[in-house]
Each structure stands twice: as C-alpha cells, then as structure tokens.
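Okay, so here's the structure we're looking at.
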Amino acid sequence: MKIKRPRFSDIVTPLCKFLTYKANCSPRLYIEWALFIVISLVFCGVALHNQYFWRVNHALYDSALEQFHRPPPDDIVILEISDEDISRVGQWPWPREIHTRAIDRLTEADARAVMLDILFSEPDHRSLKTDQRLADAIRRNGRVVLPLIHEYTSDGSREQLPIPPLAQAAAALGHVHSEIDLDGIVRSTYLLEGLGNARWPHAALALLEITNLQKDIRFPGEQAPSKFPRHANAWQRQNWFHIPFFGPPGYFKSYSYARWAAGEIPLDAVRGRVVFIGATATGLSDAYPTPASGFSRPMPAVEINAQTFEALRLGFNLKPLPSFFSWALFSLMLLLLFAAYLRLRPGPTVIISLLMLIAGYFSTAILLRYTQWIVQPTVFLLIVILAYPLWSWRRLAMALCFLEQENTLLRQQPESMSSENPWPSRDSLAEPVSRSIEALRKTREHLETARRERESFLNFLSHDMRSPQSSIIALIEMRRQGRSRFSDSECFEKIEQYATKTSRLADEFVMLAKAMQLAPSALNELELTTVIEETLNEIWPLAVKRNITFCRDYYHEAFVLGHAALLTRAVFNLIHNAVKFAPEGSEVTVSVIDDHDFWRIAVRDLGAGISQEAQQRLLGSPENLVATTETGLVLGLALVRTVIDRHGGSLKIDSAPGKGTTFSFRLPKIG
C-alpha cells in the first residue's frame with residue numbers, strides 16, 4: 001500500500017484554522033497581529049545573532065551558575081604563594097632551591113600530579129646548576145605540568161616556553177590562559193591553543209591526562225571558532241570551554257608554599273592528591289573577576305586552573321545553544337503567547353504572560369542544569385514585557401474606534417438604531433475584544449428587534465384587537481337608538497362573530513408570545529402523526545361543513561423534539577387555513593415525508609393560490625399588513641413561523657395563482 005507523504009500545507013492549514021477559527025476580528029486587527037508576530041520574530045533572531053543583550057545574558061548566566069556550587073573535593077590541594085610567603089622568603093623570584101625542595105617533598109609524599117603555575121622562561125643567572133637540579137627533581141617526580149604563555153612582541157606573537165631543561169623534564173606543558181569577556185569577567189577558556197596550530201592543551205587538561213582518571217578524554221566545547229585568522233603567525237585557539245565555577249576564591253583547601261618547601265607541613269597533607277602551585281600574593285598573581293567572585297574579590301589564576309580541572313574531571317561541557325535553535329525555541333513560545341492574545345481575554349492573557357516571563361527567566365538555569373546548554377533569554381523577556389501593553393493598546397484603540405462609530409450612529413439616528421456593523425457578523429469570535437463588541441452588537445440587534453415587535457404588538461392591541469370590540473359597541477348603540485337594519489338574530493350573530501374573532505386573535509397573540517420565549521429545555525419527544533390526527537379530528541366539523549375531505553399521506557411514525565401545545569397549534573393553523581381557503585368539495589392533503597435527517601410536514605389545498613408578493617407579506621410580521629382583514633391570517637402564520645424556528649426548522653410556501661398552495665416545514669429527526 002502506498003503511503004501518502006504529508007505536505008507542508010497539511011500541517012500549516014490546521015494550525016491557521018485553529019488560530020483563526022470562526023474569527024470575526026477586524027481585517028486590520030488581523031494584519032496588525034500578523035505584523036506584530038513577524039516583527040517580534042525578526043527582532044528576536046537579529047538580537048540573538050548580534051548579541052545585543054550580552055550583558056544581561058551574562059548576568060543571568062552568572063546567576064544560574066550558583067546551582068553548581070558544591071563542597072570542595074578532598075583530593076585537590078593548592079600550595080599558594082601568598083603575601084605572607086613573600087614576607088617570609090623575600091623578593092620574587094625565589095631561588096631555584098626552594099622549588100627543588102618543594103618538588104622533592106611532593107615526590108616523597110606521592111602526590112598524584114602537580115601543576116606548577118610558575119613560568120621559568122629564563123635561566124638562573126646565579127648558577128646554571130640550580131636549573132639542572134630543579135629539572136632533575138621534576139624528572140624524578142614524573143607528573144609535573146609546567147605552563148607556557150602567549151607573548152606579544154614587536155615581531156608579532158610567540159610562544160613563551162619554560163627553559164629547555166625544565167621543558168624536557170616536565171611530564172607535559174600546557175597554557176594557562178583564560179578568556180576575559182567584554183565586561184572584564186572570566187567565564188571560559190580555550191582547551192587548545194598555539195602559534196599557527198592549536199597544539200598545546202590547557203594545563204588543567206594536561207593534568208587530567210596525567211592523572212589517568214579518564215583514559216578516553218574527549219575535548220568539550222566549540223571545536224573550531226571561525227573568528228580566529230588561519231595563518232602560521234597567528235595564535236590559534238580551539239575548544240571554547242565554559243567553566244562552571246563551583247565556589248568563590250578560597251574554595252579549595254590550601255597551604256603555604258613556603259612552609260611546605262621548608263618541611264613545616266606534613267607529607268600526608270598532599271599524599272595521593274592533585275596539587276596546584278601558584279601565586280596568590282597581591283601584585284604577584286594574575287587574579288581575575290569571575291561569576292563566583294565578582295570585582296570585590298578576584299580569583300587567582302591558580303584557582304581558575306583548579307576550577308577548570310575539576311569541571312573537566314566531572315565531565316561538564318557547558319556550551320551556548322546555537323542562535324538558530326534559541327530562535328526556534330523562543331519563536332514557538334512567542335507564537336503560543338500571541339495566539340493567547342488573539343483568543344483569550346485580558347485576565348488569562350496576563351497570567352500567561354507572567355508564566356512566559358517566569359519560564360524565560362528560569363530557562364537559563366533549567367537548561368544549564370539538565371542539558372548543559374547556555375541559553376540567552378533576554379530578548380525573549382524583553383519582547384514579552386513589551387508585547388502585552390503594545391497589543392493591548394492596539395486592541396483598545398480599535399475597540400474605542402468601534403464604540404465611537406456606534407455612538408455617532410446613535411446620535412445621528414436615535415429613533416432607528418441601524419444594525420449595520422463595520423465588521424462582518426459571525427457566530428463565534430476568536431479575539432476577546434471583538435467577541436465583546438459582537439455581543440454588544442447582537443444585544444443592540446435584539447433590542448431593535450424587541451422594539452419592532454413591541455410596536456407591532458402595540459399596533460395590534462390598539463387597532464386590530466379594538467376593531468371587533470368597536471364594531472360590537474357600534475351594533476349595540478345602533479340597536480339601542482333604533483337605527484339598526486339588522487334583526488335581533490342577525491345582530492346577535494354579528495356580535496358573536498366579532499367576539500369569536502377577538503378571542504381567536506387574543507389566543508394567537510398569547511401563543512405567539514409564548515413561542516417567542518420558548519427555551520430548548522422545554523422540548524420533549526413527541527410523535528408528529530399523532531399530533532396531525534388530533535388536529536384533523538378537531539377541524540373535521542369545519543371540513544364537513546364545507547364538504548372538504550382529508551387525504552392522509554403518512555405511513556411511518558415520525559419522532560421529533562418539540563413543545564406539544566405550540567407544535568399542535570402550528571399544525572392546526574396550517575390545516576385550518578387550508579380548509580378555510582380551499583374550494584368547497586375539494587381535498588386537503590396532509591403529508592409526512594422522510595427528508596434524510598428531517599421529517600417534512602406538508603399541507604396542500606386546491607385553492608386559488610398565492611402570488612409571490614402575497615407570499616412575502618404572509619411570511620412577514622404583522623406590521624407589514626396592507627389590509628387589516630389579513631391580520632388574523634398573517635398573525636397565525638407568524639405564530640407558525642416562530643414555532644418552527646424555535647424547533648430548528650423552517651417554513652416554506654409553494655404556490656402559484658390558480659394552482660393551489662402547499663405550506664410545508666421540516667423538523668430534525670430523533671431516534
């Protein structure tokens with residue numbers, strides 16, 4: 001079987017229908033909404049690519065690093081050259097013999113590895129033998145890492161290595177550079193650097209290889225930054241590594257280097273541990289602000305190297321999330337937010353905006369903890385903060401514009417509120433303000449309809465209901481004055497006719513008012529053929545009087561939901577009118593037809609027929625009457641139409657002059 005591959009439109013179209021389902025917003029509002037989305041997403045992408053808000057992103061990142069704080073490891077020790085050591089030993093640089101004794105004691109204590117963060121770039125001019133003795137001590141230890149640095153000269157960049165005897169004796173060489181961001185804070189380093197070729201590992205990485213804690217060491221970080229020039233005289237850097245600082249300066253256990261070299265600290269203090277040796281004295285050490293220290297207490301380089309070593313050993317690999325994926329993540333969240341703007345009311349929209357702000361603010365810490373990706377949410381937070389007031393401003397501006405148009409219309413035409421609306425009418429709205437405005441418009445239409453109906457009913461009560469009563473009073477007055485040309489029996493017959501007409505009109509009026517207030521909860525299951533049979537039996541005396549026969553064209557039970565009294569009265573009016581206007585001796589046909597999901601009830605007579613103009617008048621409301629003699633007929637049909645409408649059906653007239661008339665309506669089936 002061939003599987004149909006989904007097209008792009010198959011995915012996008014349902015999403016668009018969901019966002020604008022039965023929408024009734026102003027076209028201008030939709031255009032502004034779409035432009036709002038496009039501008040926001042473009043601005044988000046440009047800001048992420050160009051790092052417009054790097055300072056705030058760095059602040060959020062520094063705050064998120066606090067979750068990595070943990071107790072210091074027991075197997076890392078720093079032998080620091082402090083201000084106290086300088087005062088004790090004397091001016092720097094110290095004699096090579098001090099370093100030789102310190103290395104020999106580390107060998108005797110069986111330290112796991114040593115990072116000697118002291119640059120021996122020049123030989124000891126006092127005695128070359130001291131350099132050789134230090135080299136021999138380093139060689140005997142076999143696990144000492146020495147530093148190298150990148151030096152700028154008038155001839156260009158060059159690698160500043162230890163003197164050859166020490167470089168050859170060391171177990172490994174490694175650079176000790178840190179990356180200083182634009183705000184002056186150290187947050188990262190490059191694991192590989194070198195002149196022309198990034199071949200020198202970071203000292204912490206070289207130390208990790210010596211300790212053999214991780215046989216297969218994978219270089220984390222970004223592999224090959226493209227911003228560095230590629231030529232032999234350029235300093236190359238690769239594998240950008242973000243340091244998750246585990247604590248502030250003084251985090252690791254430390255001892256005095258001078259006291260260690262003098263033998264005042266027991267060997268067990270460093271036995272089996274990784275040892276970092278470096279300067280922390282004021283004016284001697286290269287200290288930098290870090291996310292864990294700030295500018296108030298810079299962290300010495302030896303501690304930064306120890307932090308880097310611990311992060312590499314634990315397998316941390318913090319990397320910035322690529323701009324495209326950051327943009328895709330924030331775009332999805334913004335689309336959800338903008339969909340809420342369009343479909344929800346201001347209250348829920350405020351809550352969703354606050355939730356988006358909270359999610360964006362904590363996204364750095366959450367993603368950093370569970371995925372080790374560094375996200376930059378500042379532009380997203382800025383858009384969310386600005387989006388709600390800007391969108392509310394545009395939405396309220398359009399709402400006020402509509403209300404001003406309505407007020408102007410009411411002032412210009414207070415006597416006849418037109419139902420014209422500048423926005424097209426629909427059953428359901430997507431945008432909350434539009435939905436409220438549409439509800440106002442419909443309320444106004446209902447009030448206008450109620451006003452017309454009230455005027456119609458007042459006209460009916462004041463004219464049509466009074467007319468038969470006035471005729472009765474006139475007959476009695478004429479009879480009392482002896483001016484009547486009717487006999488007593490004729491006069492009583494006339495009075496009876498007028499009274500019967502008044503009663504029938506009042507009954508129709510009451511039933512019509514009741515039908516207009518009919519609620520769906522008042523409908524019950526009933527069977528149409530039973531209603532028709534009861535109606536035919538009620539009208540049978542009139543049919544016999546006019547020699548009219550009934551033809552029953554129904555053979556099945558027809559169940560619908562309806563109001564028994566109102567539906568019976570509607571069927572009665574149709575059959576009664578057919579009998580009343582059919583020629584004497586003719587036939588009236590009553591049919592119940594199966595019309596798919598509906599039952600169609602039709603009443604057909606063989607009368608003179610009705611013109612198109614008369615059909616429109618009969619299907620209208622009582623105020624459209626031309627002659628008062630038609631009031632009863634039109635009021636009866638108005639009752640029929642109202643009852644059928646409340647039952648979910650529709651009334652139809654099929655007629656032509658001289659060809660009879662068929663009144664029909666259909667109701668939804670049940671069962």
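The values are calculated or read from the model by the stated rules, or taken from the named source; none is laboratory data. Not measured: the values here are computed from a predicted model. In this analysis, Cβ positions are derived from the backbone assuming ideal geometry, glycine residues included, and neighbour counts consider all displayed protein chains. For the accessible areas, the whole protein counts, side chains as well, though only heavy atoms, and no ligand, DNA or RNA atoms are used. Shrake-Rupley method; radii C 1.70, N 1.55, O 1.52, S 1.80 Å.
Quick notes on this structure:
- Proportion of all alpha-carbon pairs of the range 68-116 beyond 13 Å (%): 69 percent
- Remark: the range 106-209 projects, on average over all directions, an area of 8.4 nm² (convex hull of Cα atoms).
- Ranking by accessible area, most exposed first, for H576, H202 with a 1.4 Å probe: H576, H202
- Relative contact order, whole percent, for the range 114-200 stands at 27, derived from Cα pairs under 8 Å and 6 or more residues apart.
- Here the range 537-602 exposes an accessible surface that is 54 percent carbon and sulfur, computed with a 1.4 Å probe and the other protein chains kept in place.
- Sequence of K319, K580, K545 when ordered by accessible area, the most exposed leading, probe 1.4 angstrom: K545, K580, K319
- Put simply, the amide H of F241, placed in the peptide plane, has neighbours under 5 Å in T189, Y190, L191, leaving out anything fewer than 5 places away on its chain.
- Long-range HN-HN contacts of G562 with modeled amide H, under 5 Å: N524, E525, L526
- Accessible surface of the range 132-185, 1.4 Å probe, proportion on carbon and sulfur as whole %: 49 percent
- Phi angles across the range 195-200 convert, under the Karplus curve 6.51 cos²θ - 1.76 cosθ + 1.60 with θ = phi - 60°, into 3J(HN,Hα) values of 7, x, 8, 7, 9, 8 Hz, Gly and Pro given as x.
- Net charge contributed by nearby residues that have their C-beta within less than 9 Å of W200 (K/R +1, D/E -1): -1
- Near R259: Cβ cut-off under 10 Å, other residues only, Lys/Arg at +1 and Asp/Glu at -1. The net charge is -2.
- Solvent-accessible area per residue, Å², over the range 313-390 with all protein chains present [probe radius 1.4 Å]: 49 Å²
- A simple packing score, the average count of other Cβ atoms within 10 Å per residue, orders the peptides 159-172, 121-134 as 159-172, 121-134, with the highest score first.
- For the range 102-185, the solvent-accessible area of protein heavy atoms averages 46 Å² per residue (probe radius 1.4 Å; ligands and nucleic acids excluded).
- Ordered by 1.4 Å accessible area with all protein chains kept, Y555, Y190, Y30 run largest first as Y555, Y30, Y190.
- Per-residue 3J(HN,Hα) values for the range 560-576, derived from phi via the Karplus relation 6.51 cos²θ - 1.76 cosθ + 1.60 with θ = phi - 60°, read 9, 8, x, 9, 4, 5, 5, 5, 5, 5, 5, 5, 4, 4, 5, 5, 5 Hz in sequence order (x marks Gly and Pro).
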